[in-house]
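Student: My questions all concern the structure below.
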Amino acid sequence: MTSVSVKKALRTAMKIALPESELPILVPVKPKFRAGTFTWSKNDDVVADPVRQLTQRDLDAYMDPGLRNDLVAMYLPAEYPDVKVLGLVLAIAKELRRGRFDDAQAALNAFVQGSVADPTISAAEHLAWILNAEISKASPIVWQPDGSSQFAFGLYCEDVGTALFLLALQRVGVGRIGRCQGCGEVMIADRTSKRFHDAKCRVRAFMRRRAEEKRRTSRQKGKVN
Ligand SMILES: [Zn+2]
């Protein structure tokens with residue numbers, strides 16, 4: 001019985017965690033374009049700010065040079081992500097959708113190489129860090145959608161740029177990105193059980209494990225003698 005309720009709780013938690021569908025991505029907007037109210041305290045004053053949901057369609061509009069200015073005009077002045085950087089993330093999503101995993105891997109490599117590497121951490125750690133630098137300013141809020149008497153959960157992004165990046169990452173699916181256990185580099189996981197880039201990385205991990213085991217046994221033998 002317990003396991004059933006735990007499963008149910010997990011399912012509910014996952015529903016809440018899904019951005020956009022269950023948790024709308026909200027950004028401050030000019031009053032004319034409002035879709036609801038976010039009441040919070042700013043500089044010790046309680047303010048009711050107009051907000052609007054940003055969807056995948058808005059992301060497409062932002063990537064379209066003909067529509068970008070119309071989109072930007074709706075929102076308050078904000079920092080926007082580099083179109084080139086955002087384009088690389090979207091290229092990963094596009095290739096994944098087409099089932100071209102090698103091209104998705106190439107787009108992921110280009111995205112990672114485009115940022116300044118820190119030699120003290122692995123490529124996968126570096127990637128997780130730059131993704132979090134883009135999206136960690138989002139926070140869960142309670143808002144009031146216009147025309148509804150009920151409150152609702154939302155994911156508030158003070159910057160439209162944060163929201164756009166979140167949408168791009170959502171299109172890729174973070175579960176499609178992983179760390180190869182052979183070489184430690186980032187990899188596209190075309191299935192959840194994938195642990196290595198390819199057979200070469202699998203063999204490399206196997207050889208390393210065997211070498212470690214050998215070292216351990218020879219150390220133990222050394223102790224006995
Ligand atoms: Zn590898």
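The values are calculated or read from the model by the stated rules, or taken from the named source; none is laboratory data. Values in this document were obtained by computation on a predicted structure and should not be read as measured data. For neighbour counting, all protein chains shown are included, and Cβ atoms are generated from backbone atoms with ideal geometry for every residue, glycine included.
Student: Identify the residue in region 168-225 that is of a type in the set (V, I, T) and surrounded by 12 or more Cβ atoms within 10 Å (Cβ to Cβ) and, among all such residues, is nearest to M63 (Cα to Cα). Write out each step before concluding.
Tutor: Just the residues of region 168-225 that are of a type in the set (V, I, T), to begin with: 172, 174, 177, 186, 188, 192, 203, 217, 224.
If we keep only those that are surrounded by 12 or more Cβ atoms within 10 Å (Cβ to Cβ) as well, we get 172, 177, 186, 188, 203.
On the way: V172: 16, I177: 23, V186: 26, I188: 23, V203: 41 Å.
That would be V172.
Student: OK, next. Can you name the residue in region 150-194 that is over 21 Å from A133 (Cα atoms) and in contact with a Lys or Arg (Cβ under 8 Å, 6 or more places away or on another chain) and, of all such residues, is farthest from the ligand (Cβ to nearest atom)?
Tutor: D190
Student: Need pairs with beta-carbon distance below 7 Å; first residue in the same structural domain as A168 (by TED's automatic domain parsing) and assigned to a strand (DSSP E or B) and within region 135-151, second surrounded by 11 or more Cβ atoms within 10 Å (Cβ to Cβ) and among the hydroxyl-bearing types (S, T, Y); sequence gap 6+ or separate chains.
Tutor: Within 7 Å, the pairs are S139/Y156; I141/Y156; W143/T37; Q144/T37.
Student: Out of curiosity, is I121 more than 15 Å from the chain's Cα centre (by Cα), hydrophobic (A, V, I, L, M, F, W, C), modelled with pLDDT under 90 and in the same structural domain as K42 (by TED's automatic domain parsing)? Spell out how you get there, then give the answer.
Tutor: Values: more than 15 Å from the chain's Cα centre (by Cα): yes; hydrophobic (A, V, I, L, M, F, W, C): yes; modelled with pLDDT under 90: yes; in the same structural domain as K42 (by TED's automatic domain parsing): yes.
Here the answer is yes, as I121 does meet what is asked.
Residue-by-condition table, conditions (1) among the hydrophobic types (A, V, I, L, M, F, W, C); (2) at pLDDT 90 or above; (3) surrounded by fewer than 20 Cβ atoms within 10 Å (Cβ to Cβ); (4) under 30 Å from P50 (Cβ atoms):
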| site | (1), (2), (3), (4) |
| --- | --- |
| A107 | yes, yes, no, no |
| Q113 | no, no, yes, no |
| E125 | no, no, yes, no |
| S139 | no, yes, yes, yes |
| D146 | no, yes, yes, yes |
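Student: Within region 182-197, take every residue that is touching a Phe, Trp or Tyr at 6+ places or on another chain (Cβ under 6 Å) and not small (G, A, S) and give me the one that is modelled with the highest pLDDT. Give the derivation first.
Tutor: Taking region 182-197 and keeping what is touching a Phe, Trp or Tyr at 6+ places or on another chain (Cβ under 6 Å), we get 182, 188, 190.
Subset that is not small (G, A, S): 188, 190.
Values: I188: 91, D190: 78.
Among those that are touching a Phe, Trp or Tyr at 6+ places or on another chain (Cβ under 6 Å) and not small (G, A, S), it is I188.
Student: Quick test for you: out of V27, V46, V83, pick the one residue that is out of contact with any helix residue (DSSP H, G or I) (no Cβ under 6 Å at 6 or more places or on another chain), β-branched (V, I, T) and more than 30 Å from I188 (Cα to Cα).
Tutor: Details: V27 fails: out of contact with any helix residue (DSSP H, G or I) (no Cβ under 6 Å at 6 or more places or on another chain); V83 fails: more than 30 Å from I188 (Cα to Cα).
So the residue among V27, V46, V83 that is out of contact with any helix residue (DSSP H, G or I) (no Cβ under 6 Å at 6 or more places or on another chain), β-branched (V, I, T) and more than 30 Å from I188 (Cα to Cα) is V46.
Student: Of all residues in region 27-71 being closer than 25 Å to A91 by Cα and among the acidic types (D, E), which is surrounded by the most Cβ atoms within 10 Å (Cβ to Cβ)? Explain how you work it out, then say what you get.
Tutor: Step one: list which residues in region 27-71 are closer than 25 Å to A91 by Cα, which gives 27, 53-71.
Next, from what is left, pick out any that are among the acidic types (D, E): 58, 60, 64, 70.
Numbers: D58: 21, D60: 13, D64: 11, D70: 10.
Applying the filter and picking the extreme gives D58.
Student: Quickly run through region 195-212 and pick out the residues that are outside any loop (DSSP other than H, G, I, E, B) and within 14 Å of the ligand (Cβ to nearest atom). Don't jump to the end; show me each part of the working.
Tutor: The initial filter retains those residues of region 195-212 that are outside any loop (DSSP other than H, G, I, E, B), namely 199-212.
Matches in region 195-212: A199, K200, C201, R202, V203, R204, A205, F206, M207, R208.
Student: Kindly list, by first and then second residue, each pair from a residue in region 101-115 that is over 12 Å from I188 (Cβ atoms) to a residue that is outside any helix (DSSP H, G or I) and not small (G, A, S), limited to pairs with Cβ atoms under 9 Å and residues at least 6 apart or on different chains.
Tutor: No pair meets every condition.
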